[in-house]
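Below is one structure; the comments refer to it alone.
What follows draws every value from the coordinates through simple rules; no lab data is involved. Bear in mind the structure is a predicted one, so any value in this text is a computation, not a measurement. In this analysis, Cβ positions are derived from the backbone assuming ideal geometry, glycine residues included, and neighbour counts consider all displayed protein chains.
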Amino acid sequence: MTFLPPDFYLRPTLTVARELLGKTLVRRLDATTLSGRIVEVEAYHQHGDASCHCRNGPTARNEVMFRAGGHLYVYFTYGMHFCMNVVTEEEGIGAAVLIRAIEPLEGIEIMRQHRKGDKPDRGLADGPAKLCQALAIGREENGIFLDGSVAGILDAPVVPDGELQRSSRIGITLGRELPWRYFIASSPWVSRARPSGERK
DNA sequence: CAGTCGATGTACT
DNA sequence: GTACATCGACTGG
C-alpha cells in the first residue's frame, strides 16, 4: 500500500483540498482496517480567512496546524465532538483541510459499532464529527503523521471538474463568502447539498 | 422536507 | 462570560 507522500501536502491548501476528493482515507486499528472515499472537504488558512483557528497566530490548540503538511490536526468542539484535518503547506504556515464526509468502504460494521446504533450506511460518516466517531479519531490522534501507521491516504485518480461542486463552508459565520468547500456533486455520501439557508 | 434547539467542554476575550 | 469548522431529537408544514 502506497500512501500519499509528504510532497502531496506541501502545496497550496486549495489545491490539496481539491485533489483530496476521491482519495481513500485509511484508518488502522489493531488488526482491522477502516477506510472510505473522501467526498467532501473544506479548506482553512491562516491568511485571509476569518474563520480559521490560526487567524490570530499559534496557540496551544492550533499548534499542529503550523507543522509541515501531512500531519493530522484533530480538535474538540461543541463539548462533545472531534473533527479531523489534514495539515497542508510548509512548516510555519497555519493551514489545513477539514475532512467533512467519506463514503464508507472497508470496515463498515465496525464503523457502525463506533457510531453506536443501527444507523443506515449513509449516516455513518456524512459529517466531520460523525466520520471521526466512525473511524475512532480523537485526541490521541492529534499530531500524528499520515504515513499509514495510524492513518493515511491512498492515491486515486483526480475527480474530473465536471463532477465537482464548490460552495461556502458549513457552520461558520465569519468567512462565509469564501467558496472553500469542495464536494462530489453526485455523491449520496456528502453531508448536505448546500449550506442551509443558501438558495439554489 | 426545513427549521429550531439543547447538550456539553474548552479555548479564548 | 461567550462562541464554537456539530449532532440528534424534535417541531411544523
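Using only the Cα atoms of segment A:113-164, build the gyration tensor, take square roots of its eigenvalues as a ≥ b ≥ c, and label the shape rounded, prolate or oblate: rounded if a/c is under 1.5, else prolate if a/b is larger than b/c, else oblate.
Oblate is the answer for segment A:113-164, as a/c is 1.5 or above yet b/c matches or exceeds a/b.
Does segment A:1-116 come out rounded, prolate or oblate by the C-alpha gyration tensor, with a ≥ b ≥ c the root eigenvalues, rounded set by a/c under 1.5 and, if not, prolate when a/b is larger than b/c and oblate if not?
Prolate is the answer for segment A:1-116, as a/c is 1.5 or above and a/b outweighs b/c.
For segment A:1-67, report the % of Cα-Cα distances exceeding 14 Å.
Of all Cα-Cα pairs in segment A:1-67, 69 percent lie more than 14 Å apart.
For A:THR15, A:THR2, what ranking results if the residue with the fewest other Cβ atoms within 10 Å of its Cβ goes first?
A:THR2, A:THR15
Expressed in whole Å with the largest first, what are the equivalent ellipsoid semi-axes of chain A derived from the C-alpha gyration tensor as the square root of 5 times each eigenvalue?
Each semi-axis is √(5λ); the values are 23, 20, 17 Å.
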